[in-house]
1. Considering the stretch 80-97 alone, what residues qualify as being open to solvent by less than 50 Å² (accessible area, probe 1.4 Å) and part of a helix (DSSP H, G or I)?
2. Look through Val67, Val41 and report the one residue that is within 15 Å of Ala107 (Cβ to Cβ) and not in a loop (DSSP other than H, G, I, E, B).
3. Quick check on the stretch 1-58: of everything there that is β-branched (Val, Ile, Thr), modelled with pLDDT of 90 or more and over 14 Å from the mean Cα position of the chain (by Cα), which residue is surrounded by the fewest Cβ atoms within 10 Å (Cβ to Cβ)?
4. Let me spell it out: the conditions are (1) under 14 Å from the mean Cα position of the chain (by Cα); (2) surrounded by fewer than 18 Cβ atoms within 10 Å (Cβ to Cβ); (3) charged (D, E, K, R), and Lys77 meets all of them except one. Which number is the exception?
5. Tell me which of these Arg25 doesn't satisfy, since it passes every other one: (1) more than 16 Å from Pro13 (Cβ to Cβ); (2) touching a Lys or Arg at 6+ places or on another chain (Cβ under 9 Å); (3) outside any helix (DSSP H, G or I).
Amino acid sequence: DMLFSRLKFIFGPSAVPALDLVDQRAVTRVTSPSGRTAYQVLGSSGKLYTCYSSCHFCTCPAFGFTVLQKSESLLCKHILAVYLSQAVGACQELSVSEEQLINILLAEEEDEG
């Protein structure tokens, strides 16, 4: 309970939904042979978002709005879920080729554009 309260205090409204994503094992670590890594998080809406823990970025609209535009939050629930999944060892693992990783990354750009 103490740890949960601290998470809620630090991360605010993102804490509970992020913990739900961790419980649902919605975080997948995608790695390529070169060692490049991205994370895919199946959001509560059923959409797949790509997160980069190395540069603290998520492709979800909430990250763009509340983190980048308004600076109201440090992160979205998807990035917090990535960090929590890493901490407790709850990430799914997926190894892909370099080409497959490129396709994953380009698919995100196509969704945005």
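1. Looking only at the stretch 80-97, we keep the residues that are open to solvent by less than 50 Å² (accessible area, probe 1.4 Å), and these are 80-82, 84-85, 90-91, 96-97.
Residues satisfying the conditions are Leu80, Ala81, Val82, Leu84, Ser85.
2. On the way: Val67 fails: within 15 Å of Ala107 (Cβ to Cβ).
Selected residue: Val41, the only one of Val67, Val41 that is within 15 Å of Ala107 (Cβ to Cβ) and not in a loop (DSSP other than H, G, I, E, B).
3. Here is the first cut: in the stretch 1-58, the ones β-branched (Val, Ile, Thr) are 10, 16, 22, 27-28, 30-31, 37, 41, 50.
Okay, now just the ones that are also modelled with pLDDT of 90 or more, so 16, 22, 27-28, 30-31, 37, 41, 50.
The next check asks that each one be over 14 Å from the mean Cα position of the chain (by Cα); those that pass are 16, 31.
Numbers: Val16: 13, Thr31: 15.
The residue in question is Val16.
4. It is condition (2) that Lys77 fails.
5. Unmet for Arg25, out of (1) more than 16 Å from Pro13 (Cβ to Cβ); (2) touching a Lys or Arg at 6+ places or on another chain (Cβ under 9 Å); (3) outside any helix (DSSP H, G or I): (2).
The values are calculated or read from the model by the stated rules, or taken from the named source; none is laboratory data. As the structure is a prediction and not an experimental result, all values here were calculated from the model. Glycine also receives a Cβ, built like all others from the backbone with ideal geometry; neighbour counts cover every protein chain displayed. Note: accessible area is taken over every heavy atom of the protein model, side chains too, but ligands, DNA and RNA are not part of it. Shrake-Rupley method; radii C 1.70, N 1.55, O 1.52, S 1.80 Å.
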